[in-house]
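K.L.:
Here it is, the structure in full.
Computed from the coordinates by the stated procedures, all read-outs in this text should not be read as laboratory data. Keep in mind that this is a model prediction, so the values were computed, not measured. Every residue, glycine as well, gets a Cβ built from its backbone with ideal geometry; the counts of neighbours run over all protein chains shown.
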Amino acid sequence: FLDFAGCSIYSSRQITEYTESLKRNVYGNPHSGNPSSDLMAAEVEKVRNTVLAFFNTTSSEYSIIFTSGATAGLKLVAQSFDWTPGKSMYAYLEDNHTSVVGIREAAIDKGAHSVCLRQSVTNYNGPCKQPIFSNLSEHCDMVLIRYGKVLRSSKMKKNFFQEPSHLFAYPAQSNFAGRKYPLNWIQNMRTDVKSTWFTLLDAAAFVATSNLDLGEYPADFVTVSFYKIFGFPTGIGALLVRNKAAPKLDKIYFGGGTTQVYLPSKNYSLLKTKLHEKFEEGTIAFLDILALRHGFATISRITGHMENITNHLFNLIHWLYNKLNTLTHKNGEKCIVIYTTTRYSNPTLQGATIAFNVRSMDGRYIGYKEVLSTASKENIHLRGGCFCNAGSCNYLLGIDDDKLNQIQKSGYVCGEADIVNGFPVGAVRVSLGYMSTIDDVISFFQFIKRYYVQ
């Protein structure tokens with residue numbers, strides 16, 4: 001199983017302990033106020049504290065809003081953030097999940113500006129220690145892309161970034177090729193830019209294999225999906241909100257359980273004061289939340305600490321990268337094209353993911369769909385495509401805007417084709433998780449050699 005970025009695998013003991021808990025107790029709707037309800041409400045609060053402890057923070061610093069997943073958390077921020085028409089800015093990395101990029105539509109709809117940022121690979125040798133927005137062209141070699149035109153930082157007026165509230169979103173780890181981005185950008189946004197910038201961290205890919213310490217890197221908004229960490233339950237995630245940033249989320253709609261009082265006949269309502277009570281509409285997925293307790297216990301029992309997972313998986317992915325990178329056909333042509341900006345040199349820069357394509361001896365690309373089909377026959381589980389990250393996919397595969405327009409004119413729809421006019425429009429992805437072993441990566445390497453090296 002090599003698709004841990006898609007979902008992790010649940011353990012047998014994890015499921016057994018969860019079902020035994022359901023057999024021993026009756027868990028009621030936490031809104032009802034009866035004994036089974038009170039039991040469930042207490043369990044939910046225990047899980048909130050477990051989640052906070054997992055990220056090394058407390059309820060005095062962060063609030064947890066349970067959602068259906070990371071995407072739902074991102075959507076909540078998009079629709080609730082304090083956008084000021086004509087003044088607010090939404091800035092995001094080009095290397096972002098679709099759900100992060102999609103926030104720009106909500107921002108633009110509220111009259112805010114949006115800007116897409118690309119970090120060049122040429123000067124990326126480690127975590128950027130300089131503020132992102134003070135001088136984009138000199139620090140981290142960032143390039144601004146707005147409305148299809150490339151703008152250098154000298155054109156961005158300094159006072160534009162000072163008032164009112166703005167939002168910067170980036171992934172702690174790219175879900176396309178596993179590149180990790182500097183967590184100290186969070187502090188730079190707050191201390192160096194000296195403006196009303198808030199940081200949204202998409203941590204879904206990162207937290208599955210790496211330790212996120214919110215005590216050290218206190219992002220304002222953090223989104224996660226728990227099935228990425230321990231496989232079960234699905235359909236449950238969280239938005240972690242820094243309490244100091246909570247006033248920047250404005251609630252309009254109110255649903256069951258979110259109000260102190262409202263009048264049906266008049267336009268009057270008063271929302272509850274606790275953030276999660278205000279935003280968790282209706283009955284929460286309380287039995288799924290209960291299952292989270294057993295997921296976190298599994299991770300702790302098997303691995304001890306997330307750093308152990310990070311180091312273990314980096315050793316595996318580093319071995320696999322080196323092996324794949326040296327594969328050549330008998331005529332000397334490379335068999336594997338790996339899409340990376342880190343060269344897998346350091347676990348602080350690179351996660352346990354490899355995105356690649358296969359080439360035949362004559363230089364022809366073999367589509368990812370063919371590779372996945374062949375792998376399936378060997379019971380090898382991979383993923384192919386752009387993985388809902390068109391920015392990183394297009395950039396690393398060399399698909400610029402002109403080429404993309406040509407591809408789209410040919411009738412291409414994302415996911416329907418893997419090779420267009422002889423060029424790949426997606427990749428194969430190998431991603432490891434806490435259950436991965438050296439046997440997994442060796443078996444995959446032998447599979448590639450057996451089927452594709454000529």
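K.L.:
Within the stretch 353-372, find all residues whose amide N lies under 20 Å from a label point positioned 7 Å from the Cα of Val413 along Cα-to-beta-carbon.
P.N.:
368-370
K.L.:
Separation of the stretch 216-294 and the stretch 38-96 by C-alpha centroid, Å?
P.N.:
Between the Cα centre of the stretch 216-294 and that of the stretch 38-96, the gap is 7 Å.
K.L.:
Of all DSSP beta bridges in the chain, what percent run antiparallel (nearest 5)?
P.N.:
Looking only at bridges with both residues in the chain, the antiparallel portion is about 70 percent.
K.L.:
Work through the residues other than Gln350 whose Cβ is under 13 Å from its Cβ and net out their charges, Lys, Arg +1 and Asp, Glu -1.
P.N.:
Every neighbour counted, the sum reads +3.
K.L.:
Which of the pairs Lys228/Lys330; Lys87/Lys244; Lys330/Lys377; Lys23/Lys244; Lys75/Lys323 have their Cα atoms more than 31 Å apart in this structure?
P.N.:
Over 31 Å apart, Cα to Cα: Lys228/Lys330; Lys23/Lys244; Lys75/Lys323.
K.L.:
Give, in whole angstrom and from largest to smallest, the semi-axes √(5λ) of the equivalent ellipsoid of the stretch 314-454, with λ running over the eigenvalues of the Cα gyration tensor.
P.N.:
The equivalent ellipsoid of the stretch 314-454 has semi-axes of 24, 18, 15 Å.
K.L.:
Right, something else. Any idea how far apart Ser21 and Asp250 come out in nm if each label point goes 7 Å out from Cα toward Cβ?
P.N.:
If labels sit at Ser21 and Asp250, their model points lie 3.9 nm apart.
K.L.:
Now for a different question. Residues with beta-carbon under 11 Å from that of Glu333, excluding Glu333: net charge, scoring Lys, Arg +1 and Asp, Glu -1?
P.N.:
In short, +3.
K.L.:
With a Förster radius of 56 Å, plug the Cβ-Cβ distance of Asn405 and Ser32 into 1/(1 + (r/R0)^6) and report the FRET value to the nearest 0.05.
P.N.:
Working from the Cβ atoms, E equals 0.50.
K.L.:
Dipole size in debye (nearest 20) for the chain around its Cα centre, Lys and Arg Cβ +1, Asp and Glu Cβ -1?
P.N.:
580 debye
K.L.:
Taking every Cα atom in the chain, find the radius of gyration and the maximum pairwise distance Dmax, and write them in Å.
P.N.:
In Å, with Rg to one decimal and Dmax whole: 23.1, 80.
K.L.:
Then there is this: So if I take the centroid of the Cα atoms in the stretch 319-375 and the same for the stretch 7-35, what is the distance between those two points in Å?
P.N.:
Answer, in whole Å: 42.
K.L.:
What is the fewest-to-most order of Thr326, Thr259 by other Cβ atoms lying within 10 Å of their Cβ?
P.N.:
Thr326, Thr259
K.L.:
Which of Ser32, Ser8, Ser174 comes first, and how do the rest follow, when ranked by fewest Cβ neighbours within 10 Å?
P.N.:
Ascending Cβ contact count within 10 Å gives the list Ser32, Ser8, Ser174.
K.L.:
Assuming 0.36 nm per residue, please report the length gained on full extension of the stretch Thr259 to His381 beyond their Cα-Cα distance.
P.N.:
Full extension of this stretch gives 39.3 nm more.
K.L.:
Most exposed first by the Cβ proxy, i.e. fewest other Cβ within 10 Å, how do Val222, Val441 rank?
P.N.:
By the 10 Å Cβ count, ascending: Val441, Val222.
K.L.:
Quick one: net charge around Ser68, please, counting Lys, Arg +1 and Asp, Glu -1 for every other residue with C-beta under 12 Å from its C-beta.
P.N.:
Summing Lys and Arg as +1 and Asp and Glu as -1 gives -2.
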